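Novice: The structure follows.
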Amino acid sequence: MNRKKTKFIEGAGYFSLFDQLIESMYNGKKVRANGSPISRGTIANYEVLRRHLQGFADQDNFTLRIYNDLQLTARERKSAAHYHMKLYKAFLKYLYAKGLYDNYVGLLIRNWRSFYNYLNDDLHMYVGSYHKKFHVPKDEIPVVALTKKQLFTLLYDEELQAELTSRKLIEVRDLFIVGCTVALRYSDLKRLSKLQLQKKEQHYYLDVRAAKTQIETRMLLPSYCVDIFKKYLKRGDHLLPQISLQYFNRKVKELSELIPENDYLHKVRERKGKTIIRQKDPKTQRKLKLSDHISSHTMRRTAISIMLESGMDEILVRRISGHAPNSKEFYRYVRLAQHRLDAETTRVFSFEDMKGKAWGCDGEIIGSTNMRFE
């Protein structure tokens, strides 16, 4: 942008700058705040946003524009603020018309705001702070996780093992079980190699640096994980079978149909702040069950949920999972474990064990009494 000659650029120039952002992510010039490279998954989200913006501009005949805020008069800044709010509302309407839910729309809007931050901070274009008023919709999607009992059945139930073998689901089961134990993202699980499996005395540890957060963790492995790793080390350097994410997500639903307590479970989402409950599969019209909600994300959610519900300290869970201390995502799991806190509070403040006892001034029991606690 030539700030001396123009007050805004629009149309093709807008998308050229967006393409520049994506290219800078690919070549490593644009990195995260901690200096780590931006993951391919994150870049893919920006590419999807770019396609949505192009589709919106074409469909609604809306010209996307970037203002040079330094060159604007007070009256022009007011006009620019009005334009950006009109742009935001029109784009939001376009996204919702496609049937998207608040959670995904929120992701797109966050990335859209990041694009304007890139123009200001990296390219020093001074496009103003109008984008900061782009509200990010939020959708608290319920955390779906398996129980310890269900994982135990997947590992040790003999009848189920025969079924898994006949359906060729053993590799999927093994990867799923490890993921539900070590709390790693799917991309990190696939990269696990024999160099990360460390033995100290009689114990095995898994050393991992998360690709997304670059947080290093070392976890003591239970014996069943070690047995699974040793099985696949016979094939090569990877600790787990190399299964594509698309294939895994398809097969893990088939796997989860075999677990006990595969109960009916509605899919709850929000659109424009309103709760949308889907009870049936839109294609088959059958009622949704727990297995319909299972995916690669379930592994990490299950591991964290079981750790918290079993009483593991939050700091230790975050260290294993690689979540930052102020992670909003992590505290979704803490809320899920609220019933554990409720149960402990009830136990601590229960006076059942004190009924019929009298206490001296020093706190010692001095004898029985007919004292009643009601």
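Novice: Going through the range 250-269 one residue at a time, which ones are at pLDDT 90 or above, part of a loop (DSSP other than H, G, I, E, B) and surrounded by fewer than 17 Cβ atoms within 10 Å (Cβ to Cβ)?
Specialist: Answer for the range 250-269, where residues must be at pLDDT 90 or above, part of a loop (DSSP other than H, G, I, E, B) and surrounded by fewer than 17 Cβ atoms within 10 Å (Cβ to Cβ): just Glu257.
Novice: Would you list the helices (runs of 4 or more DSSP H) that sit entirely within the range 287-374 and hold 2 or more residues that are touching a Ser or Thr at 6+ places or on another chain (Cβ under 7 Å) and at pLDDT 80 or above?
Specialist: The helices (runs of 4 or more DSSP H) meeting that bar are 296-309.
Novice: List pairs: first in the range 157-170 and over 14 Å from Lys251 (Cα atoms), second among the hydroxyl-bearing types (Ser, Thr, Tyr), Cβ under 7 Å, 6+ apart or cross-chain?
Specialist: These pairs meet every condition: Leu160/Thr153.
Novice: Which numbered condition trips up Ala145, out of (1) within 21 Å of Gly41 (Cα to Cα); (2) under 16 Å from the mean Cα position of the chain (by Cα)?
Specialist: Result: Ala145 passes all but (1).
Novice: Condition (residue is touching a Phe, Trp or Tyr at 6+ places or on another chain (Cβ under 9 Å) and in a loop (DSSP other than H, G, I, E, B)) applied to the range 10-27: is it met by at least one residue?
Specialist: So far as the range 10-27 goes, no, none of its residues is touching a Phe, Trp or Tyr at 6+ places or on another chain (Cβ under 9 Å) and in a loop (DSSP other than H, G, I, E, B).
The rows are residues; the columns are (1) hydrophobic (A, V, I, L, M, F, W, C); (2) under 21 Å from Ser187 (Cβ atoms); (3) open to solvent by 40 Å² or more (accessible area, probe 1.4 Å); (4) modelled with pLDDT under 85.
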site: Pro241; (1), (2), (3), (4): no, yes, no, no
site: Phe248; (1), (2), (3), (4): yes, yes, no, no
site: Arg271; (1), (2), (3), (4): no, no, yes, no
site: Thr275; (1), (2), (3), (4): no, no, yes, yes
site: Gln285; (1), (2), (3), (4): no, no, yes, yes
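Novice: While we're looking at this one, here's another question. Please state which of the following conditions Val317 fails to meet, knowing it meets all the rest: (1) closer than 16 Å to Ala145 by Cβ; (2) open to solvent by 10 Å² or more (accessible area, probe 1.4 Å).
Specialist: Val317 satisfies every listed condition except (2).
Novice: Something else about it: Filter the range 186-212 for residues that are assigned to a loop (DSSP other than H, G, I, E, B) and surrounded by 17 or more Cβ atoms within 10 Å (Cβ to Cβ); which is modelled with the lowest pLDDT?
Specialist: Step by step, filter the range 186-212, then rank; the result is Ala211.
Novice: May I pose another question? Testing Ala12 on (1) buried (at least 17 other Cβ atoms within 10 Å of the Cβ); (2) modelled with pLDDT under 95, one condition comes back false. Which one is that?
Specialist: Condition (1) is where Ala12 drops out.
Novice: Considering the range 18-48 alone, what residues qualify as being under 22 Å from Ala324 (Cβ atoms) and open to solvent by 70 Å² or more (accessible area, probe 1.4 Å)?
Specialist: Across the range 18-48, the qualifying residues are Ala33, Asn34, Pro37, Arg40.
Novice: Going through the range 132-143 one residue at a time, which ones are under 30 Å from Leu255 (Cα atoms) and open to solvent by less than 20 Å² (accessible area, probe 1.4 Å)?
Specialist: Matches in the range 132-143: Asp139 only.
Novice: Sticking with this structure for a sec: Residues in the range 107-131 that are in contact (Cβ under 8 Å) with a residue 12 or more places away in the chain, open to solvent by less than 40 Å² (accessible area, probe 1.4 Å) and closer than 16 Å to Arg65 by Cβ: how many?
Specialist: Number satisfying all stated conditions: 9.
The values are calculated or read from the model by the stated rules, or taken from the named source; none is laboratory data. From a predicted model like this one, the values you see are computed outputs, not experimental measurements. No Cβ is skipped: glycine too gets one built from the backbone with ideal geometry, and neighbour counts run over all protein chains shown. Side chains are part of the model used for accessible areas, which takes the heavy atoms of the whole protein and leaves out ligands, DNA and RNA. Shrake-Rupley method; radii C 1.70, N 1.55, O 1.52, S 1.80 Å.
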